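Colleague: Below you'll find the structure I mean.
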Amino acid sequence: MTDIATIMQTSPVIPVLVIDDAATAKPLAEALVAGGLRVLDVTLRTPAALEAIAEMKKVPGAIVGAGTVVDTDQFEAVMKADAEFIVSPGLSQRLGDAIVSSGTPFLPGIATAGDIMRGLDMGLTHFKFFPAETSGGLKALKALAAPFYQCRFCPTGGITEATAPDWLAFDKVLCVGGSWITGGTLAEVEAKAKAASTLRH
């Protein structure tokens, strides 16, 4: 099993996916991977999410994780679906302890210094800055990151194709999460993924 740092450095943009119909999951994953975005964050916001994870795992080269994991029941469910990493919107002790002890790559959401310190206590150094834009944007993350030199971030929430390069220019940001890539036809998704895959520091 790879670690979260490696996963975050695989692609500059991690598509944040809300899948309503599991039948669309595999073709969507194929388009994203063909466009160069291999790391896929399937959010647990729909009843189809667990089946979607299993379908996307069939695509060669795809690294499929579960997002919006908020409790240990969901964590157990996504492990049965073979999710390769876990993303949560925040960081609770109970959920954090369960995921860390399992050894599963984990990207918990943080928005404050206290959140980061709780993560550091668990041995974590890689975090999702969420919700990025409404938590003060890039200026806030730069201020927040300053005391925590060992930490790296994936800002998610409100990031667009236009603003992604600014976030990625900050050396503490390894990747960004974005939902702008997933709209349109499969050909359009692949084209947007190709453009996003060229964004680098």
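The values are calculated or read from the model by the stated rules, or taken from the named source; none is laboratory data. What you are looking at is a predicted structure, and each value in this text was computed from that prediction instead of being measured. Cβ coordinates were reconstructed from backbone atoms using ideal geometry, including for glycine residues, and neighbour counts include every protein chain displayed. For the accessible areas, the whole protein counts, side chains as well, though only heavy atoms, and no ligand, DNA or RNA atoms are used. Shrake-Rupley method; radii C 1.70, N 1.55, O 1.52, S 1.80 Å.
Colleague: So for the range 1-85, averaging the separation of alpha carbon pairs under 8 Å that are six or more residues apart and normalising by length, what relative contact order in percent results? Don't skip to the answer; put the middle values down first.
Modeller: Values: 131 pairs, mean separation 24.5, N = 85.
Relative contact order for the range 1-85 comes out at 29 percent.
Colleague: Give me the one-decimal Kirkwood hydrodynamic radius in Å for the chain, with the sum taken over alpha-carbon pairs. Can you show the working numbers first?
Modeller: Working: mean 1/r = 0.0604 Å⁻¹.
With all distinct Cα pairs of the chain included, I get 16.6 Å.
Colleague: Could you sort Val13, Val18 by accessible area so the largest value comes first, with the probe set to 1.4 Å? Mind dumping the intermediate values first?
Modeller: On the way: Val13 0, Val18 75 Å².
Correct descending sequence by accessible area is Val18, Val13.
Colleague: Within the range 58-201, what is the number of lysine pairs with alpha carbons under 24 Å apart, leaving out pairs fewer than eight places apart on the same chain?
Modeller: The number of close lysine pairs in the range 58-201 is 12.
Colleague: Given the alpha-carbon gyration tensor of the range 119-169, what are the semi-axes of its equivalent ellipsoid in whole angstrom, ordered largest first, with each equal to the square root of 5 times an eigenvalue?
Modeller: 20, 11, 10
Colleague: While we're here: For the chain, what is the relative contact order in percent, using Cα pairs closer than 8 Å and at least 6 residues apart in sequence? Walk me through the intermediate numbers first.
Modeller: Working: 395 pairs, mean separation 48.6, N = 201.
Computed value for the chain: 24 percent relative contact order.
Colleague: How large is log10 of I(q)/I(0) for the range 26-71 at q = 0.17, 0.24, 0.31, 0.34 Å⁻¹ when the intensity is taken from the Debye formula with one equal scatterer per alpha-carbon?
Modeller: For the requested q values the scattering log ratios are -0.42, -0.78, -1.14, -1.27.
Colleague: Starting at the first residue of the range 113-118, write each ³J(HN,Hα) from the Karplus equation 6.51 cos²θ - 1.76 cosθ + 1.60 with θ = phi - 60°, in whole Hz, x for Gly and Pro.
Modeller: Per-residue couplings from phi come out as 4, x, 4, 5, 5, 4 Hz.
Colleague: Less than 14 Å Cβ to Cβ from Leu91, Lys/Arg counted +1 and Asp/Glu -1: what total charge do the surrounding residues give? Provide the component values of the computation, followed by the final result.
Modeller: Details: positive: Arg94, Arg118, Lys128; negative: Asp71, Asp97, Asp115, Asp121.
Charge balance in the 14 Å sphere: -1.
Colleague: Please sort 46-54, 124-132 by packing, taking for each peptide the average over its residues of neighbouring beta carbons within 10 angstrom, highest first. Don't jump to the answer; show the numbers that get you there.
Modeller: Details: 46-54: 20.6, 124-132: 23.1.
Output ranking for 46-54, 124-132: 124-132, 46-54.
Colleague: Moving to a separate point now. Report the label-to-label distance for Asp71 and Ala113 in nanometres (one decimal), using points 7 Å from each Cα along the Cα→Cβ vector.
Modeller: 3.3
Colleague: Out of every Cα pair in the range 134-201, what percent are spaced more than 21 Å from each other?
Modeller: Beyond 21 Å sits 28 percent of the P(r) for the range 134-201.
Colleague: Skip the ligands, DNA and RNA, and give the accessible area per residue of the range 58-201 with a 1.4 Å probe, whole Å².
Modeller: Numbers: 6360 Å² over 144 residues.
Roughly 44 Å² per residue, with all protein chains present.
Colleague: Per residue of the chain, what 222 nm ellipticity follows from adding -39500 (n - 2.57) for every DSSP H run with n ≥ 4, rounded to the nearest 500?
Modeller: Numbers: 9 runs with 77 residues, N = 201.
Estimated from H runs of four or more residues: -10500 deg cm²/dmol.
Colleague: Please report the spacing between the Cα centers of the range 1-38 and the range 134-201 in Å, no decimals.
Modeller: Cα centroid to Cα centroid, the span is 14 Å.
Colleague: At 0.36 nm per residue, minus the direct Cα-Cα distance, what do Ala169 and Arg45 gain on full extension? Give it in nm, one decimal, please. Don't skip to the answer; put the middle values down first.
Modeller: Working: separation 124, 0.36 × 124 = 44.64 nm, distance 3.03 nm.
Full-extension gain reported as 41.6 nm.
Colleague: Tell me, what is the 1.4 Å probe accessible area of Met117, in Å² to the nearest 10?
Modeller: Estimated to the nearest 10 Å², Met117 gives 100 Å².
Colleague: What does the charge add up to near Ala22, with Lys and Arg as +1, Asp and Glu as -1, over the other residues with Cβ less than 10 Å from its Cβ?
Modeller: On the way: positive: Lys26; negative: Asp20, Asp21, Glu51, Glu55.
Around Ala22, the charge tally is -3.
Colleague: Please work out the Cα convex hull volume for the range 78-148 and give it in Å³ per residue. Display every interim value, and only then the final one.
Modeller: Working: hull volume 6.0 nm³, N = 71.
Hull volume normalised by residue count: 85 Å³.
Colleague: Normalising by the residue count of the range 98-194, find the relative contact order in percent from Cα pairs under 8 Å and 6+ residues apart. Could you put the intermediate results ahead of the total?
Modeller: Working: 111 pairs, mean separation 20.0, N = 97.
Computed over the range 98-194, the figure is 21 percent.
Colleague: Additional query: Could you give me the percent of Cα pairs per 5 Å distance bin for the range 1-86, shortest bin first, beginning at zero and ending with the bin that holds the maximum distance?
Modeller: Histogramming the range 1-86 at 5 Å steps yields 3, 17, 29, 27, 17, 6, 0 percent.
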